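Take a look at the structure below.
The values are calculated or read from the model by the stated rules, or taken from the named source; none is laboratory data. Values in this document were obtained by computation on a predicted structure and should not be read as measured data. When we count neighbours, we look across all protein chains shown, and the Cβ atoms used for this are built from the backbone with ideal geometry, even at glycine. Note: areas computed on protein heavy atoms with side chains; ligands, DNA, RNA excluded. Shrake-Rupley method; radii C 1.70, N 1.55, O 1.52, S 1.80 Å.
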Amino acid sequence: MQDLKDRLIEKYGGEDIRAVVSPLRICPLGAHVDHQGGIVTGVALDSSVNLVYTPNEDGYIRIQSMDFPDEEYFHVDNIPDMVPGAWGNYIRGAVLSLKRDFVIKTGFSAIISGKLPIGGLSSSAAVTTAYLMAICDVNGIEVEKMDLVHYSHWVETDYIGLKNGILDQAANILSEKDKLMVMDCSTDEYKLVDKAEDTPEFEFVVVYSGISTALIGTDYNNRVDECKVASWLLHEVSENKVPNLKEAKLRNISPEVFLNHQEELPGRFRKRATHFFTEQERVKKGIDAWSRGDLVAFGQLMNESGESSVYQYECGCPELITIYETLKSTEGVYGARFSGAGYRGCCIGLIDPKYKESIRAKMDAVYPVKHPQYKDVYDVHFCKVEDGARYVKI
Ligand code: GLA
């Protein structure tokens, strides 16, 4: 943080200097169910996007990223258009999102930086939340955490155009240290599940594949549409009232209807629905395992979730599948799965920290050999579970 503060003073000056820590997130169980109104789990990591900022009464926003060369610079009354792929989209979207409900007059100058590589840990939600919190702070706006989740989600869906659910923002904002955040994406109800007192020590390994393409350019949106079609078809074959396709979600189908009618669904739609309903079962069992401190059972469910993501949801890419398969068979790893959507970015493993070095050694022996084009960017990190996005004193 001190280096960001020094850089801020050097580049923009300012005395009233403030900071937000916005953590990266992982989703141990509940993959690809958020956009269908399902129940997800999430935790925030002790690795974060950090934003150090100072208010500008003139209404200008100026941001220098430590990770990208260009500076973002505009007035809050004159927000530039979205440019596909530009990192500045998230601050533009954040201002627009809040402007729907609030008068924004004060801008800020800021330095932003993330520690882990981009892709699969939802750095986009982390960045957006950090911006939203800074804008709120300098404009004297107070919002509830759940509203912040929705302001942040709006940027991704309505501004950037991804058809994603609310998992990333919920995990980034609502999480608390050592607890499992569980959220019902159809009602916004959430709980923070304590780990059992005698839970063995654990950490998460985060293995970065070296692939950082944006989710908007992957098959992500197609899969969301396939789930909707599966729901729509299940409504039709079970003679339920058929909703408008836009409103159709697998959560509105009961597990019984799915079991009775699954054979009537064409292949790919049956697979997407199978993933949804089995994943919901895994989430339920996972909450129980977490609260009992049974990391072996929790890890096994993560492995099964990974399997279902690959073979039923059919997401992933060869590189992430290599990491998933390798982690699964590594001593000291309770369970593994893709960290986020699975098209790029990272795989995660729930691990016993005693095995950190041998886990790293195993990954080093396999991944760069099988995918040499990523050997210079691939990386292995170990993370603990931390609090969600927060203001910090600097
Ligand atoms: C990405 C999306 C989330 C969620 C996950 C998969 O991270 O942004 O909304 O769908 O993939 O669980």
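Taking (1) over 30 Å from L245 (Cα atoms); (2) open to solvent by 30 Å² or more (accessible area, probe 1.4 Å) in turn, R100 satisfies each apart from (1). Out of curiosity, is V296 open to solvent by 40 Å² or more (accessible area, probe 1.4 Å), touching a residue at least 24 places away in the same chain (Cβ under 8 Å), in a helix (DSSP H, G or I) and among the hydrophobic types (A, V, I, L, M, F, W, C)? Judged against the criteria, V296 is a match. Is it fair to say I359 is open to solvent by 10 Å² or more (accessible area, probe 1.4 Å) and assigned to a helix (DSSP H, G or I)? Considered against the rule, which asks whether it is open to solvent by 10 Å² or more (accessible area, probe 1.4 Å) and assigned to a helix (DSSP H, G or I), I359 comes out as no. V283 passes every criterion in (1) touching a residue at least 12 places away in the same chain (Cβ under 8 Å); (2) part of a helix (DSSP H, G or I); (3) more than 20 Å from G38 (Cβ to Cβ) apart from (3). Only residues that are farther than 20 Å from V283 by Cα and within 12 Å of the ligand (Cβ to nearest atom): list them for region 25-51, please. Scanning region 25-51 gives no hits.
Of everything listed in (1) open to solvent by less than 30 Å² (accessible area, probe 1.4 Å); (2) in contact with a strand residue (DSSP E or B) (Cβ under 6 Å, 6 or more places away or on another chain); (3) within 16 Å of the ligand (Cβ to nearest atom), the single unmet condition for A19 is (3). None of D137, D178, D168 is within 16 Å of the ligand (Cβ to nearest atom) and of a type in the set (D, E, K, R) except D168. Within region 237-259, being open to solvent by 60 Å² or more (accessible area, probe 1.4 Å), within 15 Å of H275 (Cβ to Cβ) and under 26 Å from the mean Cα position of the chain (by Cα) holds for K249, R251.
Cβ separations smaller than 8 Å between residues 6+ apart or across chains give the following pairs from region 60-80 residues that are in contact (Cβ under 8 Å) with a residue 40 or more places away in the chain and within 15 Å of L4 (Cβ to Cβ) to residues that are of a type in the set (K, R) and open to solvent by 10 Å² or more (accessible area, probe 1.4 Å): Q64/R7; Q64/K11; M66/R7.
Being open to solvent by less than 20 Å² (accessible area, probe 1.4 Å) and assigned to a loop (DSSP other than H, G, I, E, B) is the filter here, so list the residues in region 333-356 that pass it. Selection gives S339, G340, A341, G342, G345. Return yes when S186 is of a type in the set (G, A, S) and open to solvent by less than 60 Å² (accessible area, probe 1.4 Å) and no when it is not. So S186 fails the test.
Going residue by residue through region 172-190, is there one that turns out to be within 15 Å of the chain's Cα centre (by Cα) and either outside the structural domain of G120 (by TED's automatic domain parsing) or among the polar types (S, T, N, Q) (or both)? Looking for residues that are within 15 Å of the chain's Cα centre (by Cα) and either outside the structural domain of G120 (by TED's automatic domain parsing) or among the polar types (S, T, N, Q) (or both), one finds at least one in region 172-190, hence yes.
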